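Just below is one structure, and these are the notes that go with it.
The values are calculated or read from the model by the stated rules, or taken from the named source; none is laboratory data. All figures in this text were calculated on a predicted structure; none of them were measured in a lab. FYI the Cβ positions are ideal-geometry reconstructions off the backbone, even for glycines, and counts take in every protein chain you see.
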Ligand SMILES: [Zn+2]
């Protein structure tokens, strides 16, 4: 985007999408207008994109077969495209000439409660571990567990987090229950990372972050990705880019300007906020952030630089 109302050569980095397990490799490689992300669109405007693999509650061999199939399809799409690559070393985030894809697991149910199986995923190329989707699993409670039902992390969950932190994983606490989040925070293993949520103070939702959580993420040197999910943005779900801006500004105020990023959830939701059609619309969010009073360098941080810096500093930069 080069117009006077926007920011030229915006370097977009997005902490979450579901495209890898939703699109065929051909749709991903060559483009598909109806969906939210494809590799041609990423090659046009992105620097880095998390690609989450969501397999529902599948466990055992069926889950692993399905994971490996999606993984082969992603590698096939990457080869067909020629303009993107899978990022193996988060310390290289934002460097290099190709758009970088970070492979992420969303929900560790397929580990069948065995932290050791993480190593197989790492060898495949996965680097981000979402321990939970909404349901409970062997590692503890996901976001669906509220109040007295929220038992937090299990002993296996703590073992999993220690193992992941010790072997270079980026641990993603999106979809964790409140108690699981705080227990993970107390372990103090690494900066806190929540890839795709919004602000509970603006829209009460079990998937959103309270101000206390946002502040803790900021204090840890972590990162909070703001999701473009209508149900997280407004109680009535009738939202626009203005609501995305509202949530980003609130998160910046509470967590700090270096802590907030985009975690779109593209291809993980049926509807997006009005005015957003997919990845190609992200420069519009940048333009509205400028209009709302952020400086250009601050907008660049939120739209990509914060996520890149977070990945690099985890590696001791
Ligand atoms: Zn999700």
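Considering the range 26-56 alone, what residues qualify as being part of a helix (DSSP H, G or I), within 14 Å of residue 267 (Cβ to Cβ) and in contact (Cβ under 8 Å) with a residue 12 or more places away in the chain? Talk me through it step by step, then tell me what you get.
Filtering the range 26-56 for residues part of a helix (DSSP H, G or I) gives 26-30, 39-45.
With the extra rule that they be within 14 Å of residue 267 (Cβ to Cβ), the set shrinks to 27-28, 39, 41-42.
Answer for the range 26-56, where residues must be part of a helix (DSSP H, G or I), within 14 Å of residue 267 (Cβ to Cβ) and in contact (Cβ under 8 Å) with a residue 12 or more places away in the chain: 28, 39, 41, 42.
Given the criterion assigned to a loop (DSSP other than H, G, I, E, B), away from the ligand (no atom under 16 Å from the Cβ) and out of contact with any strand residue (DSSP E or B) (no Cβ under 9 Å at 6 or more places or on another chain), identify the matching residue among 202, 189.
202
Within the range 257-276, is even one residue more than 19 Å from the chain's Cα centre (by Cα) and surrounded by 17 or more Cβ atoms within 10 Å (Cβ to Cβ)? Spell out the reasoning first.
As a first pass, look at the range 257-276 and keep what is more than 19 Å from the chain's Cα centre (by Cα): 274-275.
Imposing the further condition that a residue be surrounded by 17 or more Cβ atoms within 10 Å (Cβ to Cβ) reduces the set to none.
No, there is no match, as no residue in the range 257-276 is more than 19 Å from the chain's Cα centre (by Cα) and surrounded by 17 or more Cβ atoms within 10 Å (Cβ to Cβ).
Going through (1) touching a strand residue (DSSP E or B) at 6+ places or on another chain (Cβ under 9 Å); (2) within 16 Å of the ligand (Cβ to nearest atom) one by one, residue 285 falls short only on (2). Residue count for the range 11-25 under the criterion of being in contact with a helix residue (DSSP H, G or I) (Cβ under 9 Å, 6 or more places away or on another chain), crowded, with 21+ Cβ neighbours inside 10 Å and part of a loop (DSSP other than H, G, I, E, B): the result is 2. Just checking, does the range 98-118 include any residue being over 26 Å from residue 139 (Cα atoms) and part of a loop (DSSP other than H, G, I, E, B)? Yes, the range 98-118 has at least one match. Annotation: of all residues in the range 205-222 being touching a residue at least 60 places away in the same chain (Cβ under 8 Å) and within 16 Å of the ligand (Cβ to nearest atom), the one that is farthest from residue 266 (Cα to Cα) is 206. Only one of the numbered conditions (1) modelled with pLDDT under 95; (2) within 16 Å of the ligand (Cβ to nearest atom); (3) in contact with a helix residue (DSSP H, G or I) (Cβ under 8 Å, 6 or more places away or on another chain) is violated by residue 107, and that is (3). For the criterion of being in a helix (DSSP H, G or I) and modelled with pLDDT of 95 or more, residue 174 fails.
Which residue, of 136, 112, 172, 119, is closer than 25 Å to residue 66 by Cβ, in contact (Cβ under 8 Å) with a residue 60 or more places away in the chain and either buried (at least 18 other Cβ atoms within 10 Å of the Cβ) or more than 16 Å from the ligand (Cβ to nearest atom) (or both)? When all the criteria are applied, what remains is 172.
Identify, from the list 48, 75, 87, the residue that is modelled with pLDDT of 95 or more and surrounded by fewer than 18 Cβ atoms within 10 Å (Cβ to Cβ).
Values: 48 fails: surrounded by fewer than 18 Cβ atoms within 10 Å (Cβ to Cβ); 87 fails: surrounded by fewer than 18 Cβ atoms within 10 Å (Cβ to Cβ).
The unique qualifying residue is 75.
For residue 102, the conditions (1) loosely packed, with under 15 Cβ neighbours inside 10 Å; (2) modelled with pLDDT of 95 or more all hold with the exception of (1).
Do we find that residue 214 is within 18 Å of the chain's Cα centre (by Cα) and either closer than 23 Å to residue 262 by Cβ or not in a loop (DSSP other than H, G, I, E, B) (or both) in this structure?
Values: within 18 Å of the chain's Cα centre (by Cα): yes; either closer than 23 Å to residue 262 by Cβ or not in a loop (DSSP other than H, G, I, E, B) (or both): yes.
Criteria met by residue 214.
Here residue 80 passes the criteria (1) surrounded by fewer than 16 Cβ atoms within 10 Å (Cβ to Cβ); (2) more than 30 Å from residue 159 (Cα to Cα); (3) out of contact with any helix residue (DSSP H, G or I) (no Cβ under 8 Å at 6 or more places or on another chain) except the one numbered (3).
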